[in-house]
1. Which entries in K284/K371; K309/K340; K263/K340; K302/K328 show an alpha-carbon gap greater than 26 Å?
2. Pick out, in residue order, every one of the trypsin sites (Lys or Arg not before Pro) in the range 11-42 that is DSSP loop and has at most 10 other C-beta atoms within 10 Å; say none if there are none.
3. Sum up the charges of everything whose Cβ sits under 9 Å from the Cβ of W120, counting Lys and Arg as +1 and Asp and Glu as -1, but leave W120 out.
4. For the chain, what is the accessible area per residue in Å², given a 1.4 Å probe and the full set of protein chains?
5. How big is the accessible area of D23 in square angstrom, nearest 10, if you roll a 1.4 angstrom probe over the protein chains?
6. Based on Cβ point charges of +1 for Lys and Arg and -1 for Asp and Glu, what charge dipole magnitude is obtained for the range 57-120 about its Cα centre, in debye rounded to the nearest 20?
7. Going toward the positive end of the dipole of the chain, with +1 on Lys and Arg Cβ and -1 on Asp and Glu Cβ, which of S283, L203, S312 do you reach last?
8. Could you order the peptides 314-321, 105-112 from most to least packed, using the average number of other C-beta atoms within 10 Å per residue?
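The values are calculated or read from the model by the stated rules, or taken from the named source; none is laboratory data. Computed from a prediction, not measured in an experiment: that's the story for all the values here. FYI the Cβ positions are ideal-geometry reconstructions off the backbone, even for glycines, and counts take in every protein chain you see. These accessible areas exclude ligands, DNA and RNA; they are computed on the full protein's heavy atoms, side chains included. Shrake-Rupley method; radii C 1.70, N 1.55, O 1.52, S 1.80 Å.
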Amino acid sequence: MKGSWRSHGLNSALAGKGVLVLDQVFQNLKSSELFQKGATVAELLSGFPIHVRGHTLRGSSDISKPQFTKLLKQVTSHISSISNIYVHDGAIGPRSTCNVNIRMISDGPSSVLAFSNIIWETSSRAISKDSCPLTVYAAESISPGVSNSIGLGTEGDNGFIAADIERSMLIVCGTAFSDINGTKETLVALSEPVIFARGGLPLPGRLLVFGDSVVLLFAPEDIIQSCAVFLISRDAGVILSSEGVMPFFRFGDTNTNGPNLYKLPSAIVLITSDDSRTIPSASKLSPGQAAYHFLAGHQNGKFVPAFHKGPSSIDPLELAKALMFVLKEQQIPSFLVNAKGIESGKELVTLVESTLSMNIPPFRAKGGEIKRRYKSFLSGKYQQLPEGFSF
């Protein structure tokens, strides 16, 4: 049942999350119903402070356990004081054994509208049966001074995002719910440990589909943007499992049209950009080489481990080891493509497609300097690489 209702089960569940229902709770309203309740489509904003506890998240600042506890208490007390509470259930990844269920509890309909547009649909039953669901608290109308009151400064007066990976909790204050990219990145960091524990691989890749072939693509962000119109989703992030591969977030009207879960990739393609002319335009990689180049994330002289420019709460080396295992077990072929000199996204997609259909030679760099740079970078970050990893 949706809409305004008093359910002992739901009220008890909310109380377990620190929120007491004062008057009414609206659960899983449709967009049209949220608009009737006063929801507005917020202007997409960015740059809100992000505070994460227990992470390897780039671009965020730490929040201590006492600070998060104090913030959680203020947010739950605030939501409990509001007459109308909004609850929305969803998931990271469509229904599978590896997805992560999420429940948002909000003091207003606008944050729920923004949230419902990015996550996959799920049932309330799935939430109640999940041993480790994520909880998102949205406090649109909380006092602007809450950030400063817990020692995070005044920078977040207009809104901020705070997460605790250990508690599987995300708090969005003020208008920070309009920062869709920041919200997604933090949700990914929260979801990764759960996905990994359930046998899935949370990877910062995108999907290309050629007829019946599904290609898992890893590439620098500028290259990705050049061919974004050809991708299943512009968002970085897929879950790879024995069931297949699926995007983290919704794209278009995917709850009703098109597949949500794609079959296992026909190939994995790692795209680098190297102007030294030492890396061939296209090469075939062994599973150990694919894991090595994935871990290095080489991008025109710079290295971005595991192609993770944004958030991650999992060691890139652990991801690379797991990726090598999947490539071996599922016998998925891997390729390295040098995009330097490619002038358009269409040209790149054509190169990738032709790589899959041709008899590509094994990877062999010209000269030893590029290999030395790889080795210097990785040895500086990791004392020892797993057996099987190779340039």
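1. Numbers: K284/K371 17 Å; K309/K340 20 Å; K263/K340 30 Å; K302/K328 28 Å.
Pairs exceeding 26 Å: K263/K340; K302/K328.
2. On the way: sites: K17, K30, K37; in loops: K17, K30, K37.
Here no trypsin sites (Lys or Arg not before Pro) fit, given the DSSP loop and packing criteria.
3. Details: positive: R95, R250; negative: E121.
Net of charged neighbours comes to +1.
4. Details: 16950 Å² over 391 residues.
Here the per-residue accessible area is 43 Å².
5. It works out to around 70 Å².
6. On the way: 6 positive and 3 negative charges, 40 e Å.
So the dipole magnitude of the range 57-120 works out to roughly 200 debye.
7. Projecting each Cα onto the dipole axis, the largest value belongs to S283.
8. On the way: 314-321: 18.8, 105-112: 24.4.
Output ranking for 314-321, 105-112: 105-112, 314-321.
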